[in-house]
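Notes for the one structure printed next.
The values are calculated or read from the model by the stated rules, or taken from the named source; none is laboratory data. Remember, it's a predicted structure, so these values are computed and weren't measured experimentally. Neighbour counts run over all protein chains shown; Cβ positions are idealised from the backbone, glycine included.
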Amino acid sequence: MICAVRLEPVWATNDDVALAMLGSGFGIAVAPTSRLVFAHPFYGLALNALTPLLGTAAHGWLTLVGLMLAAGVLGLALAPLRFGMVALAACWLALLLPATLSPQFTITSGLLFAAGSAWFLAEGRGRLAHLRHLSPAEVG
């Protein structure tokens, strides 16, 4: 608490640029590292693995793959609903299209979380509906 009150934070760069540099080992980083402050360690490992193949664009490609994954998971979650295709089209146009045109790690991770949450809720709803159709002997 004393550090937070007395010291002023210094921001060297924006998080997307820092992720690309630290994960790929250029700019502010001497060597690639998977120990990223801003992201999950597995993201750092993926950056380390893809940098020899994709170069400094590895972070950008992983961001686009994350957005495509979010779109697919949203499709799995929303398509079975009554107005699922309309909701899915609205999500793709309102959320995923702007995020793809101007990708940022924070937005991508938020969309991945939202898509995962929607899928979790949809799976739970599907299981409850399935259990309602079973007889008590089949459930217990």
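General observations
- Hey, Leu81 more than 30 Å from Gly27 (Cα to Cα), of a type outside the set (Lys, Arg), modelled with pLDDT under 85 and not in a helix (DSSP H, G or I) or not: yes
- Taking region 76-94 as the range and being farther than 18 Å from Phe120 by Cα and crowded, with 16+ Cβ neighbours inside 10 Å as the test, only Trp92 passes.
- Qualifying residue in region 79-101 (condition: out of contact with any strand residue (DSSP E or B) (no Cβ under 7 Å at 6 or more places or on another chain), touching a residue at least 40 places away in the same chain (Cβ under 8 Å) and under 15 Å from Asp16 (Cα atoms)): no
- Here region 44-68 is the region considered, the condition is being under 13 Å from Phe105 (Cα atoms) and free of Cβ contacts under 8 Å to residues at least 12 places away in the same chain, and the residue that is nearest to the chain's Cα centre (by Cα) is Val65.
- Counting the residues of region 50-75 that are crowded, with 20+ Cβ neighbours inside 10 Å and of a type in the set (S, T, N, Q) gives 1.
- Within region 31-78, the residues that satisfy the criterion of being outside any helix (DSSP H, G or I) and either under 29 Å from Ala94 (Cα atoms) or basic (Lys, Arg) (or both) are Arg35, Phe38, Ala39, His40.
- The residues of region 18-44 that are surrounded by fewer than 14 Cβ atoms within 10 Å (Cβ to Cβ) and either at pLDDT below 75 or out of contact with any helix residue (DSSP H, G or I) (no Cβ under 6 Å at 6 or more places or on another chain) (or both), listed by number, are Val30, Ala31, Arg35, Val37, His40, Pro41, Phe42.
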